[in-house]
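Novice: Pasting a structure below so you can have a look.
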Amino acid sequence: MSAPATTLDDAEALPLEPAQPEKANVAAWLGVAAGAIGSLMATLDISIVNASLPTIQGEIGASASEGTWLATSYLVAEIIIIPLTGWLARVFGLRQFLIFAATFFTFFSVVCGLSTSLTMMIVGRVGQGLTGGAMIPTALTIIATRLPKSQQPIGTAIFGLTAIMGPVLGPLVGGWLTENFSWHYAFFINVPIGAILMALLLLGLPKSRMHLDELVNADWLGVLGMVLGLGGLTVVLEEGHREQWFESGTIWRLSALTLLGFVMIGIGQVYAKRPVVKLALLRNRAFASVFLLGTVLGGSMYGTAYVIPQFLAGIANYNAMQAGLIVFLTGVPAMMMMPFFPILLARVDLRVIVATGMILLATSCYIDIELTAESRGGDFVVSQLLRGLGTVFCMMFLNQAAISSVSIEDAGDGAGLFNAGRNLGGSVGLALLATLQDGRMEYHRWTIHSALSANDGAVQGWVNQQTMAFGGGPEGTETAMRMLDGMVTRDALVMAFGDDFMALTIAILLVTPLVLFLRPLPEGYNPKVSH
């Protein structure tokens, strides 16, 4: 799965210092390296648990649906922190803020690695999301403030490569560490990397002034509203199915908190001097279209990155490393297309590229609807390559569309809202897919069972044959019936995975016509690398 997209335009929302007038010195490049490593570490950890999720779930006592929290909690935390990053960097100074973020990201990584329960793991993942999310947009700020314009393309190319490779390498690295060492090392690996990152930040960034007075004027109502609203919404979606939705008092209370949170965000929009998220941008039809497309894109990206390893582990009996290799396939088109990004943006209508990307994503999901209990990793090759190509088209060009559809003054707010929307789509998508999968598996299971008549000669013959194979008698019959139920459950699970992919296909196709409302990029527009 992929991390929130950002561009150099995000730097407008962050504290800028004069760029180097001539060629950057060694210290400046050390700062750029720090930004790239921080972004790589943060984006890699979004998806590093996906391939090893079945192993982690077993050791911390989490069910398959509860396991989505390992990804969702990270995403929700990032949704909250990304719009706050510019303000926090101004308040505490860029270097101090990033050192703080890197230190606590490393600390929370250790908490995840030492986790023995789902609660402890979620606390660690929330901490990782809050601190890691801050290191993604600030990487672009370092490039904008430490490199002269003539060398900024080199910096953005380095950043673009690390930003794309992070989510793609995550499942592969996590899977390799799980199979060869232990899943704990998927988190412990951040300790030496974090130490290197902190050293580079100290050497590569100048100490900057703090503006603690801005704490007084902050949109605290909006900040608290985001925590309650987005956090509450995700919990309701995650737990609703298990709690029988509004038959549960817990769901009612969480829904009330969610509503209160969104009301607080709305009040902040009216009365705060600088709202934490500028929702007024959604009145712009072009930007609203970008936001909705990005939200569904997030659901598709994070949803498929979660569902495919689960299928390979539960149906094909793949280990974490094998599942990670299949997920890695989506990164191949991304790496191949990077050099062609400026050419396509200059010569092809942005709407055509985004529409092509969305159709490719829908096609990739539609192909996976036909999976069977005999499907293996090779059956995902075509769909994964199509998915990777569609994702890179949508990610790169929707980000540019988000920036170009708002004024220069709102570019930073537009990028932040677009990024938050895509993470929100990922969070909500994961919750809905897990709920859909649980519900549809039970539906298919009982539907298949009801079709297996006890008077059916073929069923009776199979049960009698298996009973004799297991020694006959009541024990043999019981074993044969358990075996039959296991086969039914497996087929029901495969059908539930197919329903997940069908839901994604429909969602993508429903929003694809919104590309007609996107604005073509202005003539002479200077594209920025995104991810």
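The values are calculated or read from the model by the stated rules, or taken from the named source; none is laboratory data. These figures come from a predicted structure and were not determined experimentally. Neighbour counts are summed over all protein chains in view; Cβ atoms, including those assigned to glycine, are modelled from backbone coordinates with ideal geometry.
Okay, residues lined up against (1) of a type in the set (Ser, Thr, Tyr); (2) in contact (Cβ under 8 Å) with a residue 24 or more places away in the chain:
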{"site": "ALA313", "(1), (2)": "no, yes"}
{"site": "VAL327", "(1), (2)": "no, yes"}
{"site": "LEU345", "(1), (2)": "no, yes"}
{"site": "GLY378", "(1), (2)": "no, no"}
{"site": "SER383", "(1), (2)": "yes, no"}
{"site": "LEU389", "(1), (2)": "no, yes"}
{"site": "ASN399", "(1), (2)": "no, yes"}
{"site": "SER407", "(1), (2)": "yes, no"}
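Novice: Another question about this same structure. Just one of (1) touching a residue at least 60 places away in the same chain (Cβ under 8 Å); (2) surrounded by fewer than 18 Cβ atoms within 10 Å (Cβ to Cβ); (3) within 28 Å of the chain's Cα centre (by Cα) trips up ASP491, so point out which.
Specialist: The number of the failed condition is (3).
Novice: Now a separate question. On the basis of being among the hydroxyl-bearing types (Ser, Thr, Tyr) and either crowded, with 24+ Cβ neighbours inside 10 Å or not in a helix (DSSP H, G or I) (or both), does THR372 make the cut?
Specialist: In short, yes.
Every residue, every condition in (1) touching a Lys or Arg at 6+ places or on another chain (Cβ under 6 Å); (2) of a type outside the set (Lys, Arg); (3) under 29 Å from ALA89 (Cα atoms), yes or no:
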residue: TRP183; (1), (2), (3): no, yes, no
residue: PRO192; (1), (2), (3): no, yes, yes
residue: ALA195; (1), (2), (3): no, yes, yes
residue: HIS211; (1), (2), (3): yes, yes, yes
residue: LEU221; (1), (2), (3): no, yes, yes
residue: GLY229; (1), (2), (3): no, yes, yes
residue: LEU237; (1), (2), (3): no, yes, no
residue: THR250; (1), (2), (3): no, yes, no
residue: ARG253; (1), (2), (3): no, no, no
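Novice: Given the range 302-368, what helices (runs of 4 or more DSSP H) lie entirely inside it while holding 3 or more residues that are under 22 Å from VAL173 (Cβ atoms) and of a type outside the set (A, V, I, L, M)? First the steps, then the outcome.
Specialist: Details: elements: 320-328, 331-337, 341-347, 350-367.
Filter on the range 302-368 gives 320-328.
Novice: Which residue, of GLY129, GLY124, is crowded, with 24+ Cβ neighbours inside 10 Å, in contact with a helix residue (DSSP H, G or I) (Cβ under 6 Å, 6 or more places away or on another chain) and in contact (Cβ under 8 Å) with a residue 12 or more places away in the chain? If you could, list the steps in order and put the result at the bottom.
Specialist: Details: GLY124 fails: crowded, with 24+ Cβ neighbours inside 10 Å.
Only one candidate passes the filter, namely GLY129.
Novice: Scan the range 40-83 residue by residue and report those that are of a type in the set (Ser, Thr, Tyr) and either modelled with pLDDT of 80 or more or surrounded by fewer than 24 Cβ atoms within 10 Å (Cβ to Cβ) (or both). Steps first, answer last, please.
Specialist: Taking the range 40-83 and keeping what is of a type in the set (Ser, Thr, Tyr), we get 43, 47, 52, 55, 63, 65, 68, 72-74.
Listed by number, the residues that qualify are THR55, SER63, SER65, SER73, TYR74.
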